[in-house]
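The values are calculated or read from the model by the stated rules, or taken from the named source; none is laboratory data. Model, not experiment: these values are computed from the prediction. Because the Cβ atoms are built from the backbone with ideal geometry, glycine has one as well, and the counts that use them run over all protein chains shown. Please note that ligands, DNA and RNA were not included when accessible areas were found on the heavy atoms of the full protein model with its side chains. Shrake-Rupley method; radii C 1.70, N 1.55, O 1.52, S 1.80 Å.
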Amino acid sequence: MLESLRNKKILLVVAHPDDELLGVGGSMHRLIKEFGCIVNVIILGEGITSRSDLRDRELWKKELEIHQANILKAKEAIGFHSVKTYDFPDNRFDTVALLDIVKVVEQEKKNTAAQVIFTHHGGDLNVDHQRTFEAVITACRPMENEPVRTIITFETPSGTEWRASTDPRHFIPNMFLQISEEDLQAKVKGMEAYEFEKRAYPHPRSPLALKILAQRWGVAVGCEYAEAFAIIRSIA
């Protein structure tokens, strides 16, 4: 599967700033550096206003500006070719018509000539992750002239593993990308750029927790570090 991604145009569709790193950052760094992939990112939500009782962008104006600067630092850490942000309401994607999100994904896959899309696992606890997945699947219906031939989902630490144990929508990976220490450190550097998202151990977004997760998947497939994915569809 890895060779099939060589030189591909990848669109990474995520809900929040830092989601472009948490489950996929090391792999994106490797795909860009070693496999010649063009990786463009769209971040659908502004990612912070849900920390107030009501959505008030003016209340968070300064923090949102810092967030934008952090996004650029994270972009440089991984080497993304572009990162475009949208303004859907943080943790309130369920208040937005799904079609509105679908239209954004449709336009961006056209703008970037995407052949492959990476996005959130559809069973995450976070409703924005769920809606992002639904929008991608809807925007990439497998019709005759659909350019996106491959859709791959990833876990998001502090979202995927926090769903209820009885939820049937488990993240069951069937693809693993080996990453290096350099790839892992690029991911950690990107996360550390996010002033409002980084956390101390044992939080899942801490540097040590991210390393442990990479080791966990590495052990599962016989290498030092890896990231885990689920292939939703791949048309050869």
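Tabulated data for the structure shown
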quantity	calculated
Cα-projected label distance for A113 with L72, points at 7 Å along beta-carbon direction, nm	2.7
When the convex hull of its Cα atoms is projected in every direction, mean area for the range 1-72 (nm²)	5.4
Those GluC sites (Glu not before Pro) in the range 64-170 that DSSP places in a loop and that have at most 11 other beta carbons within 10 Å	E144
Whether the range 55-113 is rounded, prolate or oblate, judged on the alpha carbon gyration tensor where a/c under 1.5 counts as rounded	oblate
Listed candidates (1) 19.9, 61; (2) 16.6, 49; (3) 20.0, 83 - label of the one calculated as Rg and Dmax of the Cα atoms in Å	(2)
Distance histogram in 10 Å bins (all Cα pairs of the range 115-236, percent per bin)	13, 37, 37, 12, 1
Net charge dipole size for the range 152-224 [Lys, Arg +1 and Asp, Glu -1 on Cβ; Debye, nearest 20]	200
S4 versus R141: modelled label distance in nm, points set 7 Å from Cα along the beta carbon direction	2.4
Solvent-accessible area, 1.4 Å probe, carbon plus sulfur percent, for the chain	53
Dipole magnitude of the range 23-172 about its Cα centre (Cβ charges: Lys, Arg +1; Asp, Glu -1), debye to nearest 20	360
Peptides 77-83, 25-31 ordered by average Cβ neighbours within 10 Å, highest first	25-31, 77-83
Anchor K187: aspartates and glutamates whose Cα lies under 18 Å away (excluding residues fewer than 8 positions away in-chain)	D18, D19, E20, E34, E76, E155, E195, E197, E224, E227
Accessible area per residue, Å², the chain with all protein chains present, probe 1.4 Å	45
MRE, 222 nm, helices only [DSSP H, n ≥ 4, -39500 (n - 2.57), over the chain, to nearest 500]	-11500 deg cm²/dmol
